[in-house]
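S.K.: Attaching a single structure in structure tokens format; questions to follow.
What follows draws every value from the coordinates through simple rules; no lab data is involved. Note that the structure is predicted; figures quoted are calculated from it, not measured. With ideal geometry, Cβ positions are generated from the backbone for all residues, glycine too; neighbour counts draw on all protein chains shown.
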Amino acid sequence: MNLNRLAGVMLIVVGLVVGALAAAWLFSNEDLEGPARILGLAIALLVLVAPLVGGGVYMLAFGGQQARQEAEAARQRKLLNVVQTRGQVRLDELAVELQLPRDRIKDMVHDLVGLGVFSGYVKWDEGVLYSSDAQQLRDLQQCPNCGGAITLSGKGIATCQFCGTEFFLS
């Protein structure tokens, strides 16, 4: 559990405890009558409990979002490490290792290329992802796969016109 989620849970618990203590004090105090107790409880709820519980709910939600982002970054690091250390890897192996569908792996590869941290190429029809030196790919004039012409198809991406192999230039 990250610190934001922990802080959120703590704020909610503190808010509920403060509310319970305020209610216990208000209803056990014999000097107060019915309307004064209700007014005191309303003030305690609005001034003390609502900000604490509201802040706790916000921190809990923010912590959950942060945890999802951290998990996604960890998966991207793992994908990048696997491809760079092995040099080439089948997409099916990555799908099993990362426990993600192929389409999600394809999106992650494009995200890593967009961040400028991955260079290599992929043969989508064969389902193989290759890590390569970016300089070698920049100097490439024709596809090493089929000899076809390579054209830029996006930021940091070149595609073979004939076999569809995508080259990622970072």
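S.K.: Fewest first, what order do Ile12, Ile157 take by the number of other Cβ atoms within 10 Å?
M.R.: Fewest to most other Cβ atoms nearby, the residues stand as Ile157, Ile12.
S.K.: For mean projected area of the Cα convex hull in nm², one of [x] 9.2; [y] 13.7; [z] 21.2 was computed from the structure I shared and the rest are decoys. Which label?
M.R.: Only one listed value fits the structure, namely [y].
S.K.: Go ahead and set up a Gaussian network model of the chain, Cα springs under 10 Å, then flag whichever of Asn81, Asn145, Asn29 fluctuates most.
M.R.: Looking only at Asn81, Asn145, Asn29, the largest GNM fluctuation is found for Asn29.
S.K.: Measure off 7 Å from each Cα along the Cα-to-Cβ vector at Cys146 and Glu72, then give the distance between these two points in nanometres to one decimal.
M.R.: 3.3 nm
S.K.: Separate question: When the chain is fully extended, how far beyond the present Cα-Cα distance does Asn2 get from Gln99, taking 0.36 nm per residue of separation?
M.R.: Stretched out fully, the Asn2 to Gln99 stretch lengthens by 32.6 nm.
S.K.: Kyte-Doolittle cut-off -0.5, length cut-off 24 Å along the helix's own axis using Cα: show which whole DSSP H helices in the chain pass.
M.R.: Values: long enough: 3-28 (37 Å, 1.97); 50-86 (54 Å, -0.22).
Both cut-offs are met by 3-28, 50-86.
S.K.: From the alpha carbon gyration tensor of the range 3-74, can you work out the equivalent ellipsoid semi-axes (sqrt of 5 times each eigenvalue) and give them in Å, largest to smallest? Write out the running numbers ahead of the final one.
M.R.: Details: eigenvalues 260, 17, 5 Å².
Rounded to whole Å, the semi-axes are 36, 9, 5.
S.K.: A further question follows. At a Förster distance of 35 Å, what's the computed FRET efficiency of Ala61 paired with Phe162, Cβ-Cβ distance as r, to 0.05?
M.R.: 0.10
S.K.: Now for a different question. How far apart, in nm, are two points set 7 Å out from the Cα along the Cα-to-Cβ line at Leu45 and at Arg86?
M.R.: Result: 5.8 nm between the two label points.
S.K.: Could you please rank Lys78, Lys123, placing first whichever residue has the fewest other Cβ atoms within 10 Å of its Cβ? Kindly include the intermediate steps, with their values, before the conclusion.
M.R.: On the way: Lys78 14, Lys123 18.
Listed from fewest to most nearby Cβ atoms, that is Lys78, Lys123.
S.K.: Please get the size of the charge dipole for the range 87-168, origin at its Cα centre, with Cβ charges of +1 on Lys and Arg and -1 on Asp and Glu, quoted in debye to the nearest 20.
M.R.: It comes to approximately 160 debye.
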